[in-house]
Structures are given as C-alpha cells and as structure tokens.
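Engineer: Pasting a structure below so you can have a look.
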Ligand SMILES: [Fe+2]
Ligand SMILES: [Fe+2]
C-alpha cells in the first residue's frame, strides 16, 4: 500500500530498499511509524536488502552468470563410459580405492553446494537481489545439472551407482563429520560466515578432490581421460564459484562497514571464525587423505603432494577473503601442473572426444582456465 507523507513524498513501507536502511523510510512516512517500529532488524547492507527493482547494482554478478552459462557442459556428452576398462583394469588397487573413496562423498558435496543449503537456496535468501539470485541459480544448475550427474556417470561405469554407495559416507566417522561441518556452516544466519565457508568448500575442499583425480591424466599418465576431462570442466566451474562467493563476502563486508554495521571488534571475531573454518577444512582433508591413501601403491599422486595442494588452495581462498595466508610456503608439485594443463588448448587427437569443445557458443577464451584466476580474486 502506498502512503503519502505530509511532505507529499510517496513511500512504500517494508518493500523498497533503496536506500537500504529501512529505518530511513520511517522518516518519510510518519503515519506508519508504529508499524515500522516492529522489531524487524534492519538489513545490514544493500546487498542483503530485498528490492522490487530489477536494476542491477552488482553487474559483476550478471557477468558471472553469463560466463557460467557460456561454459556449461552436459555431463552425458563426455564419453565417461569409454573409461570403463581403465576404471576396472587400468587403475591398480590403491588407485581404485582412492577413486571410490573420493567418489563416495563427492556427489553429496555437489548436492549440498548446489541445493537448498547454498547456491540453490540459502545464498539467494541471504542476498535477495535479482542479479545475485540469477548468478546463484546458474551455479546451482551447474552443480545439480552437470557436476552431480557427471560423478554419477562414473559411478555407473564402475557399477557403484547404488543407494548403498551414495549413503556409504554416513558409516564413516571422518566423512560424516565433514558433512556435519558443511551443514553447520550453512546454518549460520550471518552472510559473511556462509560466503566465507562456501569459498572454502568450492576453492579448497573440492579442489583437493580435483587435484587427486587430475593426477590420473598428468605427468605422463593417461588413465581415465574422459573422466579427467570432466574434472577439468569442474575445476573451471568451482574456481569460478569460489571467486563469486568471496566477492559476495567482500562486497557485503564493505557495505556493512560503510553503514556502521561491522565494527573492528566484529571484524576480529569474523577473522577468528574464518581461521577456524580454514583449520577445520584442513583437519578434515588430512583425515580424508588418510582414507584415500589407505591402500598403498598409488602411482599417480602421493599423499604428501595432495596435502601440499590442499594448503596451497587454502591460502588462495584466504587471499580472496582478504586474510593472511595460513601456510605461506612455496607452491607444491600439483600446483605446478594443475592450472597449466587446464589452460592448454589440446590439439584434436586421441583425446578429441574428451574435450569440451562441442559446447554451445563455445569460445576458447572463455573455456581457457586462466592461471592467474587461481591466485587472484
Ligand atoms: Fe560442483
Ligand atoms: Fe561449485
């Protein structure tokens, strides 16, 4: 309902949020003063404020939505079934064990990150603006419509696409603790905590699994190439998502500071929380690595290399959140080839069918994984 203030200005209480501080609206609409005094807390920043407008205040989010759509890859077209021999015979026992262990939880990650818990619900609710919701919807579509079915295809090839397999993580204390941790992060009502945690999930947790898989098609190994082509596609997507989540975090924090809603004391508390999230991610990944390498003899990647990659990735994400590095050491072995291989445009050859070149509106410059993107925001 539109009300007229004594000064003749029109106002639409509880709806429009430009300017974002709802308490400002009260000044122009005295007859609704009482209603406005309801104990609904004012939004902390513009990016957290609902709006009826479709005018984009965050054009970078539209750009990210468009870029994500331009590199969308359908899981079914990568030919993962061609890797069946490798999955069954080409991998040795240690490698097969590692792949199965990683696969037993990966789909669950995708469902949570793309589902109601994060991009598919929570993020859109925390940032109720059309351009942010559009970006979140595009990312959710990728997690649920491309990544999760892609991992399922590999499970089908290995004969593991079963109810038992998909709930097997519940029986493992380490894996179920990890899922409980993700649940806990997503239940926070603070957008800064949620986006910081999401940046780690996308940029460090998933990347550690991707680093493990990518070893099968690196350093002279040519195992499960079709599957690894999907890993390349996922790495580009997840990197993008981590960057977007960190961007939401920084925008939101900056706006809260400007609005006087983020004090230095709150900032110290937030930094402590981020360090605690990072430390928990590292602790869980170390224990998960124990599981991945429980059977000795993996030829393609070592536990030491994978843990070093994890630490590299944690520092990348901390940097995106404007936080100091936790490890600050030289990049490890996997970091030296992980990005390089993704940015290389492979010539059509034996691997042609594994490339993502069929994608609609395919453009090399969009698909190329820019190395600098891994380290910058
Ligand atoms: Fe994903
Ligand atoms: Fe993602």
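What follows draws every value from the coordinates through simple rules; no lab data is involved. A quick note: this is a predicted structure, and the numbers were derived from the prediction, not measured. We place every Cβ from the backbone using ideal geometry, glycine too, and count neighbours over all the protein chains shown.
Engineer: Arranged from highest to lowest average of other beta-carbon atoms within 10 Å per residue, in what order do the peptides 264-273, 251-260, 127-136 appear? Numbers along the way, then the final one.
Structural biologist: Details: 264-273: 12.7, 251-260: 17.5, 127-136: 21.7.
Packing order, densest peptide first, comes out as 127-136, 251-260, 264-273.
Engineer: Let me ask you something else. Based on the Cβ-Cβ distance of residue 133 and residue 323, what FRET efficiency does E = 1/(1 + (r/R0)^6) give at R0 = 22 Å, to the nearest 0.05? Don't jump to the answer; show the numbers that get you there.
Structural biologist: Values: r = 27 Å, r/R0 = 1.23.
E(calc), rounded to 0.05, equals 0.20.
Engineer: Would you mind computing, in nm to one decimal, how far apart the modelled labels at residue 250 and residue 187 are, each placed 7 Å from Cα along Cα→Cβ?
Structural biologist: Roughly 3.2 nm, to one decimal.
Engineer: Which order do the peptides 140-147, 200-207, 70-77 take when ranked by the mean count of other beta-carbon atoms within 10 Å per residue, highest first? Could the numbers behind the result be given before it?
Structural biologist: Numbers: 140-147: 20.5, 200-207: 26.2, 70-77: 16.4.
Highest mean packing first, the order is 200-207, 140-147, 70-77.
Engineer: Can you sort 208, 186 so the residue with the fewest Cβ neighbours within 10 Å comes first? Could you put the intermediate results ahead of the total?
Structural biologist: Working: 208 25, 186 21.
Listing 208, 186 from fewest to most nearby Cβ atoms yields 186, 208.
Engineer: OK, next. Got a sec? Which residues in the stretch 90-109 would a label at residue 290 touch, if it sits 7 Å along Cα→Cβ and we count backbone N under 20 Å?
Structural biologist: Output list for this probe position: 94-95, 97-106.
Engineer: Additional query: Compute the length gained on full extension between residue 63 and residue 156: take 0.36 nm times their separation in residues and subtract their Cα-Cα distance, giving the result in nm to one decimal.
Structural biologist: Numbers: separation 93, 0.36 × 93 = 33.48 nm, distance 3.51 nm.
Full-extension gain reported as 30.0 nm.
Engineer: Please say if the stretch 208-291 is rounded, prolate or oblate, where rounded means a/c under 1.5 for a ≥ b ≥ c the square roots of the C-alpha gyration tensor eigenvalues, and otherwise the choice is prolate for a/b larger than b/c and oblate otherwise?
Structural biologist: Oblate.
Engineer: May I pose another question? Give me the one-decimal nm value for the distance between modelled label points at residue 54 and residue 77, 7 Å along each residue's Cα-to-Cβ direction.
Structural biologist: Between residue 54 and residue 77, the label points sit 2.8 nm apart.
Engineer: So, one more: May I ask you to sort 212, 327 by Cβ crowding, counting other Cβ atoms within 10 Å and putting the fewest first?
Structural biologist: Working: 212 28, 327 15.
With the fewest neighbours first, 212, 327 line up as 327, 212.
Engineer: A further question on this structure: Over the stretch 258-343, what relative contact order in percent results from Cα pairs under 8 Å that are six or more residues apart?
Structural biologist: Relative CO of the stretch 258-343 lands at 23 percent.
Engineer: To the nearest Å, what is the center-to-center distance of the stretch 268-319 and the stretch 164-189, using C-alpha atoms only?
Structural biologist: What the calculation gives is 17 Å, centre to centre.
Engineer: May I ask for the distance between the Cα centers of the stretch 42-77 and the stretch 207-243, given as a whole number of Å?
Structural biologist: 26 Å
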